[in-house]
Every structure is written in structure tokens, then in C-alpha cells.
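Throughout, read-outs are computed from the coordinates displayed, never taken from laboratory work. Bear in mind the structure is a predicted one, so any value in this text is a computation, not a measurement. Positions of Cβ are generated from backbone atoms using ideal geometry, with glycine treated the same way; all protein chains shown enter the neighbour counts.
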Amino acid sequence: MQFCTHLEMGLIRKIIVKFNIVKRVFRIPIAVKLIGLTISLLVFVTSLIAIQSSEYFEKEVRETHEQSNDRQAENRALQVEAILANYLDKVRIVSALMTKKYATEEERKEALDLAFFGDRDLIRVEIISQLDGREEREDQIVNDKLLNSENRDMTYLEDVRRLKPFPIRSAFAGEVVIANSSVPEGVPMLTLGLPFEKDQYDQVTKVAVADIRLERIQKA
């Protein structure tokens, strides 16, 4: 019995020794653990930076694109505003020439040739007067050459005015009025009205109304 016990103890010692040897063989050195931990941290930090950089880049691209669109819209608005201001000046000049007294009709025509008939956008300018609450066309000039280039004639302008009545009373109230006078399959056109003449009571008595092609504004 005692022999068996010693034998068993010997076997147990051998097993423990072998287990310790195996344990030492498969024990991971601390240096390797530190290297693995360092690499894991580097991968995590690098991935985090990459994600944040991607989000930042996407945000910058989006904001840059939005700012570019805003600048383009602002520039286009400024161009359109400049074109409209130019039209207002032209209409004032043409209206003044229309109402000026001339010695002969030939002299009047010469004055209007450059200011009106030489213009590529002005189709028609009217002088509308108001008396006792009634509006009446006092004078008008029409650029037939422009109308013919669009395969239209004077009747087209009258048809458009019936389809889209111009708010002339707003102009007589002292406002500058700009209305879209384009119709389906028609000439892209706007109509501009502005107070032109006032009486001694500062009441508007005459209004200039111009039909203008939209080509320049569409290209802006």
C-alpha cells in the first residue's frame, strides 16, 4: 500500500513537471503582448482618424459646393439686376426722345434710330397717359425688324397684351413694374412699366411701357 502511494506520488510529480514545461513553452512573452497591444491601438486610432477625416472631407466638399452655388446664384442675380437697370435707362431715354418736339419727322426718326431701332432687345415702347382715371395710349414705336426675326408682327403684341394684361395702374401709382409677358410657343418677353411724367401735384400723368426680349437675361 505504501509502495503504491509512492508510485502514485512519483507519477503526479512527473505530470506536474511536464505541465510546467508545456506551460513555459506556450507562455506568451510580455514583449509580444505589448507589441500586439500597441498594434491594436494603432489600428484603432488610425481607423478613427480615417473615419473622422472622411467625414471632415465630405463636410468640406459639401460646404464648398454649397458656397460655390451660392456665389454663382449671387453673381447671376447681380447680372440680371444690372441688365434690368440698363433697360430702365434705355426706356427713359427712348421715352424722352418720343415726347420731344422735333422740327421734322425725319429728325425724330434719326434720334430714335440709334436709341431704339438699333437696340437688340427693345421690341416696343408705349407712352400711356392718364386723364380722369382713364388710360390712353398717347404714342408707341415698334421694332418691326425684331418682330420679323421672330416670325411675328404687331398683332402678336396686341394678342399678348390681351392674354396677359399689364398692371398699368401700379405704374401710375408710382411703382416700377416688371411683368413676364412670355406665352407658350411665343417670344420670351418681359414688359416693363415706369412712371415717366408727373404734374404739379406730384401725380403720375404718363407712364412708359416697354416690351423687351428676354434673351440677354436668359443668357446671364
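Set the Förster distance to 45 Å, then compute FRET efficiency between Ser40 and Lys219 from the Cβ-Cβ distance, nearest 0.05.
Numbers: r = 61 Å, r/R0 = 1.36.
In this case the efficiency is close to 0.15.
Just list whichever of Lys101/Lys206; Lys101/Lys198; Lys109/Lys145 have alpha carbons separated by over 20 Å in the model shown.
Over 20 Å Cα-Cα: none of the listed pairs.
Determine, for each peptide in 168-174, 147-153, the mean count of other beta carbons within 10 angstrom over its residues, then list the peptides with the highest first. Intermediate values should be presented prior to the final figure.
Numbers: 168-174: 16.6, 147-153: 13.1.
For the peptides 168-174, 147-153, the packing ranking is 168-174, 147-153.
Do me a favour and compute the ellipsoid semi-axes for region 106-214 from its Cα gyration tensor, root of five times each eigenvalue, largest one first, whole Å. Please report the intermediate quantities before stating the final value.
On the way: eigenvalues 116, 65, 25 Å².
They are 24, 18, 11 Å, listed largest first.
Apply 1/(1 + (r/R0)^6) to the Cβ-Cβ distance of Asp139 and Arg169, taking R0 = 22 Å, and write down the FRET efficiency to the nearest 0.05. Could the numbers behind the result be given before it?
Details: r = 20 Å, r/R0 = 0.89.
That pair, Asp139 with Arg169, gives E of 0.65.
Within region 68-106, find all residues whose amide N lies under 20 Å from a label point positioned 7 Å from the Cα of Leu114 along Cα-to-beta-carbon.
86-106
Report the full-extension gain for the segment Glu185 to Leu88: residue separation times 0.36 nm, less the Cα-Cα distance, to one decimal in nm.
Details: separation 97, 0.36 × 97 = 34.92 nm, distance 2.66 nm.
Result for the pair: 32.3 nm of gain on full extension.
Please find the FRET efficiency linking Ala103 to Leu131, where r is the Cβ-Cβ separation and R0 is fixed at 35 Å, and quote it to the nearest 0.05. Please list the in-between numbers first.
Working: r = 28 Å, r/R0 = 0.79.
Rounded to the nearest 0.05, the efficiency is 0.80.
Can you tell me which of 209-218, 175-184 comes out highest on packing, and rank the rest after it, using the mean Cβ neighbours within 10 Å? Don't skip to the answer; put the middle values down first.
Numbers: 209-218: 18.9, 175-184: 14.5.
The packing order, highest mean first, is 209-218, 175-184.
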